[in-house]
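First up is the structure itself, then whatever we jot down about it.
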Amino acid sequence: MTRPQGSIQYDNRGRVVLVTGGANGIGRAICESWLQSGAAVVCMDIDAAAAESLPEGILFVRGDTAERGDCDNAVAFACDSCGGLDVLINNAAIQPRDSYLPQHEYSAELWDRLVAVNLTGYAQMAGSALKVMVEQGSGVVCNICSAQGHRTARQVAAYGPIKAANLLQARQWGVEYARLGIRCVSISPGAVMTPMIRATLAEQGGAAALANRTPLGRIGNPEEIAAATLWMCSPAASFVTATDLLVDGGIDALAAFADPWPMPAE
Ligand SMILES: NC(=O)c1ccc[n+]([C@@H]2O[C@H](COP(=O)([O-])OP(=O)(O)OC[C@H]3O[C@@H](n4cnc5c(N)ncnc54)[C@H](O)[C@@H]3O)[C@@H](O)[C@H]2O)c1
């Protein structure tokens, strides 16, 4: 993995982190960064095949965040294997290529799956983890949200509003659990080159256009999102809760997400 230039060394020895969707993309970079910082890392993912190539030392538990039992199981696995749970990173989400639709074209099945994974999945994982954290009197929950949760974009009638809900979940939990020693935060990436957007960008011919519209002039890499999780979930951010950090190359400030990517077919 490529470390962002000038990256800070964190010492997460003795801390346990559970990362959902950690077998690929941003989640994988989060797992690797936390492992390098000394943490005990548990990756929960539905993609057991991809998890086989995770670096040695990362523990894997197969599970679907849309299934409540799998969420409880992943948290129990982390606690049993590592002796507790200090940090949950809610990262597993889907944005299938066939979900770039206006509202009236959504099938019930597609809508329900996006809600089940991207919204209910985050709530279920947090619910399971917070039970442990309340008992411990400490912990951090970090929701990976999206710049598309801050601004509208074309054809993200499910993904965008659900990402906005993930922002509010972190604020809600942040306030609710503040006096119990638990911080809840979120991070909103802009466009980051991962399997999730690679195919869509290739189809739309949009990688260069999206990079051009980003003030920093490029698409982000997963390690840059991982670096933000290390800070947001570290004791250095001890007075930070119920808030969001945009890691988006400046695209939100320019309000440039919506136009013209991804464009509907002419
Ligand atoms: N890539 C981007 O440009 C971008 C931008 C903004 C926000 N995000 C957010 O970042 C996060 C990671 O995105 P990514 O681009 O790395 O995605 P990705 O598709 O590359 O990886 C997602 C991972 O989640 C796993 N997963 C999917 N559904 C799951 C489920 N129900 N239970 C458990 N695991 C499941 C997949 O197997 C995969 O390993 C998501 O929350 C996404 O919405 C990504």
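The values are calculated or read from the model by the stated rules, or taken from the named source; none is laboratory data. In this text the structure is predicted, and so the values were computed from the model without any measurement. A quick note on method: Cβ atoms are made from the backbone with ideal geometry, for glycine too, and the neighbour counts reach across all protein chains shown. What goes into the accessible areas is simple: the full protein's heavy atoms, side chains included, and nothing from ligands, DNA or RNA. Shrake-Rupley method; radii C 1.70, N 1.55, O 1.52, S 1.80 Å.
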Single match in L101, L85 (criterion: crowded, with 22+ Cβ neighbours inside 10 Å and away from the ligand (no atom under 16 Å from the Cβ)):
L85
Which residues, counting only those in the stretch 54-70, are near the ligand (Cβ under 9 Å from one of its atoms) and out of contact with any Asp or Glu (no Cβ under 8 Å at 6 or more places or on another chain)?
T65, A66, E67
Scanning the stretch 155-187 for residues that are within 15 Å of S238 (Cα to Cα), open to solvent by 10 Å² or more (accessible area, probe 1.4 Å) and touching a residue at least 24 places away in the same chain (Cβ under 8 Å) gives V175, Y177, A178, L180, G181, R183
Checking C79 against (1) within 15 Å of the ligand (Cβ to nearest atom); (2) part of a helix (DSSP H, G or I), only one condition comes out false. Which one?
(1)
Condition met for A116 (within 10 Å of the ligand (Cβ to nearest atom) and either closer than 30 Å to I182 by Cα or part of a loop (DSSP other than H, G, I, E, B) (or both))
yes
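Considering the stretch 5-51 alone, what residues qualify as being away from the ligand (no atom under 14 Å from the Cβ) and acidic (D, E)?
Matches in the stretch 5-51: D11 only.
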If we only count helices (runs of 4 or more DSSP H) wholly inside the stretch 159-227, which ones have 3 or more residues that are modelled with pLDDT under 95, of a type in the set (A, V, I, L, M, F, W, C) and out of contact with any Pro (no Cβ under 6 Å at 6 or more places or on another chain)?
195-204, 207-213
Failed condition for A74, given (1) aliphatic (A, V, I, L, M); (2) buried (at least 17 other Cβ atoms within 10 Å of the Cβ); (3) over 22 Å from A129 (Cβ atoms):
(3)
When you look at A236, is it under 27 Å from G38 (Cβ atoms), among the small types (G, A, S) and part of a helix (DSSP H, G or I), yes or no?
yes
Qualifying positions in the stretch 131-147 - assigned to a helix (DSSP H, G or I), of a type outside the set (V, I, T) and open to solvent by 10 Å² or more (accessible area, probe 1.4 Å):
K131, E135, Q136
The stretch 193-212: number of residues that are touching a residue at least 24 places away in the same chain (Cβ under 8 Å) and either charged (D, E, K, R) or open to solvent by 10 Å² or more (accessible area, probe 1.4 Å) (or both)
9
What number of residues within the stretch 4-35 satisfy the criterion of being within 21 Å of F77 (Cα to Cα) and open to solvent by 40 Å² or more (accessible area, probe 1.4 Å)?
6
Reported set for the stretch 52-64 where residues are open to solvent by 10 Å² or more (accessible area, probe 1.4 Å) and in contact with a Gly (Cβ under 9 Å, 6 or more places away or on another chain) is L54, I58, F60, D64
